[in-house]
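Beneath this line is the structure, given in structure tokens, with notes to follow.
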Amino acid sequence: MTISGKAKLAGVMGWPIGHSRSPRLHGYWLAHYGIDGAYVPLAVSPERCEMAIRALPALGFRGCNVTVPLKEIAYRTVDRLDRTAQRMGAVNTIVVHDDGTLEGGNTDGFGFLQNLQAGCPDWSAERGPAVVVGAGGAARAVVVALLDAGAPEVRLINRTMARAEELAATLDGPVTVADWVSRETVLEGASLLVNTTTQGMVGQPALDLDLRALPVSAVVNDIVYVPLETPLLAAARLRGNRVVDGIGMLLHQARPGFKAWFGMEPKVTPELTRFVLEG
Ligand code: ATR
């Protein structure tokens, strides 16, 4: 749609940014709801990130999303952090307030939980232990979200165990770490398995994890969404587990930012999902 001189402005900062689906996602919602606004890709190098964030109020932006590898820089740059961003140590959503101050939030964990709930409405974190594979920023968001949602235990496994231990040490709550060699035994009795690593993504090998010890009642989720059905999800589906793919995490994490910048609560629909995946 055509924008006017009064268009509300937002965007996504990242480096590189060409692969981001967020402009397509927010662009769909802007057109769908007939909002006079624009959401643009902002290619910002890490060296210029602080300056670019500081410039948002001067440029009249209502805020922006922040993606890899700038989330920690954003965390250090904004004027205020909401409670979730404080716990994550990373910011993915910045809101410019009327007084020009910058507030940082993190909606990755929200997106993760909303996606699971949409995919498996009867799933709840309290139901049993969760196994999380990985120890990067995505793993942190997932573990914090699960703890906040009441998971009785989170079992963290990562190829480099030391990284999992470092992550667990920064979190309050029932997080246990197992070494990579024992990764299959921690699947016993789990009610959820989440892959937060890049394994299984197009061009990468499948996650090397035998699911034999996982209860068939467990839900399996991959945050990778290219391809939509990763080898992990295909294997889980074949043995009877319920599976939730990763695209919904991207779609749902975008909702709070859209609401803050453009003034309405957007919906995640099958048509939106298809549109974003086609791009
Ligand atoms: P992000 O911050 O987006 O989560 P990251 O920090 O690059 O990304 O983390 C990638 C994850 O994939 C890590 O947990 C990494 O394990 P290491 O900590 O051992 O590097 C995991 N990963 C990458 N290649 C892997 C492989 N071949 N087998 C198992 N895990 C792998």
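A short reminder: the numbers here are calculations on the coordinates, not readings from a lab. Every value quoted in this text rests on a predicted model; they were computed, and no experiment measured them. A quick note on method: Cβ atoms are made from the backbone with ideal geometry, for glycine too, and the neighbour counts reach across all protein chains shown.
Points to keep in mind about this one:
- Here the range 1-141 is treated with +1 on each Lys and Arg Cβ and -1 on each Asp and Glu Cβ, and its dipole about the Cα centre works out to around 200 debye.
- Remark: relative contact order (the range 1-53) = 48 percent; criterion is Cα-Cα distance under 8 angstrom and separation of 6 or more residues.
- Expressed to the nearest 5 percent, the antiparallel share of DSSP beta bridges inside the chain is 20 percent.
- Percentage, to the nearest whole number, of Cα pairs in the chain over 34 Å apart: 20
- Each residue, Arg83 and Asp208, gets one label point 7 Å from its Cα in the Cβ direction; the gap between the two is 4.1 nm.
- Farthest positive-ward along the range 1-152 dipole, Cα basis, beta-carbon charges - from Gln86, Gly111, Ile35: Ile35
- Each of Tyr28, Tyr39 was scored by other Cβ atoms within 10 Å of its Cβ. Listed from fewest to most, they are Tyr28, Tyr39.
- Only Lys, Arg, Asp and Glu carry charge here, each on its Cβ (+1 for the first two, -1 for the last two); on that basis the chain has a dipole of about 500 debye about its Cα centre.
- Global form of the range 4-126, assessed from the alpha-carbon gyration tensor, a/c cut-off 1.5: oblate
- Computed helical MRE - 222 nm, the chain, DSSP H runs ≥ 4 contributing -39500 (n - 2.57), nearest 500: -10500 deg cm²/dmol
- If you take the Cα centroid of the range 44-91 and the Cα centroid of the range 200-257, the two points sit 29 Å apart.
- Check: the range 120-279 dipole with +1 on Lys, Arg Cβ and -1 on Asp, Glu Cβ, in debye: 240
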